[in-house]
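The values are calculated or read from the model by the stated rules, or taken from the named source; none is laboratory data. Computed from a predicted structure; not experimentally measured. Cβ sites come from the backbone with ideal geometry, for glycine too, and all protein chains shown count toward neighbours. Just so you know, the surface numbers come from the protein's heavy atoms only, side chains and all, with ligands and any DNA or RNA stripped out. Shrake-Rupley method; radii C 1.70, N 1.55, O 1.52, S 1.80 Å.
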Amino acid sequence: MGVKTPHNTKLFAMLNPTTLKHKNLSVKCSDGVNKNWPLGHGQYTLAGNLGPLVPSVSEAKRNGFDDVLWLLDDDVQEMTILNVMFVLKDRYGKLQLVTPPDNGCIIPGVIPKSIMALNERIEAETGMIIEERPISIHELISAFKEGRLIEAIGCSTSSHIQPISRIVYKD
């Protein structure tokens, strides 16, 4: 048995459009299952990343949810194929658009990167502060209870911006 240069090679490309229908999403927070971890390979869309998530996503769908909001140590990371962002009012009434940081645990999205690149212009024109920072599920729950969670959205290059109307954390 030896190794040599092949005379012929076949390359297969499988294409699968992932555009979602525009609708309000209902998501369940992950519990006991992590999608990714620091210094892992979560920033890549690979079958090895998404395949193990099928049981969790299937269970969420059986229970009436559209997707899973993946957490890591109670910090929000992303949904299965969408980045997430939150519009919050801080305790002084100033609007913030918060997105989890690109820490190697999330798929780097064009929309969050574009918004971060335009953050100074957005702040100058709207007064909204753009932040890329860790955001815990507990901060979101507090903001919701205090009426400061204005909007939650999922976004990706291949999809419309999807409003998230329901987030369930530990039932």
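Excluding the site residues themselves, the longest part of the chain lacking any chymotrypsin sites (Phe, Trp or Tyr not before Pro) in a DSSP loop with at most 15 other Cβ atoms within 10 Å is 93-171. Working from label points 7 Å from Cα in the Cα-to-Cβ sense, the Ile122 to Leu50 distance is 2.5 nm.
Taking every lysine pair in the chain that is 8 or more places apart or spans two chains, those with Cα atoms closer than 19 Å amount to 11. Only Lys, Arg, Asp and Glu carry charge here, each on its Cβ (+1 for the first two, -1 for the last two); on that basis the chain has a dipole of about 580 debye about its Cα centre. Taking 22 Å as R0, compute the FRET efficiency from the Cβ-Cβ separation of Lys113 and Ser158 and round it to 0.05. Rounded to the nearest 0.05, the efficiency is 0.90.
When both bridge partners sit in the chain, DSSP labels roughly 60% of those beta bridges antiparallel. With all protein chains in place and a 1.4 Å probe, the accessible surface of the chain carries 57 percent carbon and sulfur. Using the Cβ of Glu123 as centre and a radius below 12 Å, the other residues enclosed give a net charge of -1, where K and R count +1 and D and E count -1. With N as its number of residues, the stretch 66-168 has a Cα radius of gyration that, divided by 2.2 N^0.38 Å, comes to 1.01.
When the surface is traced with a 1.4 Å probe over the full set of protein chains, Ile106 keeps roughly 10 Å² accessible. Loop-located trypsin sites (Lys or Arg not before Pro) across the stretch 68-171 with a Cβ neighbour count of 15 or fewer within 10 Å are Arg91, Lys94, Lys170, with loop assigned by DSSP. Shown here for the stretch 126-171: GluC sites (Glu not before Pro) in loop regions (DSSP other than H, G, I, E, B) with at most 13 other Cβ atoms within 10 Å, namely Glu146. Think of it as helices only: each DSSP H run of n ≥ 4 in the chain is worth -39500 (n - 2.57), and spread over all residues that comes to -6000 deg cm²/dmol at 222 nm. For the stretch 99-171, a crude dipole built from +1 on the beta carbon of Lys and Arg and -1 on the beta carbon of Asp and Glu, taken about the Cα centre, is about 240 debye to the nearest 20. Thr9 contributes about 120 Å² of solvent-accessible surface, heavy atoms of the protein only, 1.4 Å probe. Counting 0.36 nm for each residue step from Ile150 to Arg166 and taking away their Cα separation leaves a gain of 4.5 nm.
Probing with 1.4 Å while keeping every protein chain in the model, the per residue accessible area of the chain equals 64 Å². Karplus-based coupling profile of the stretch 130-142, in residue order and whole Hz: 9, 10, 10, 7, x, 9, 8, 4, 5, 5, 5, 4, 4, with θ = phi - 60° in 6.51 cos²θ - 1.76 cosθ + 1.60 and x standing for Gly or Pro.
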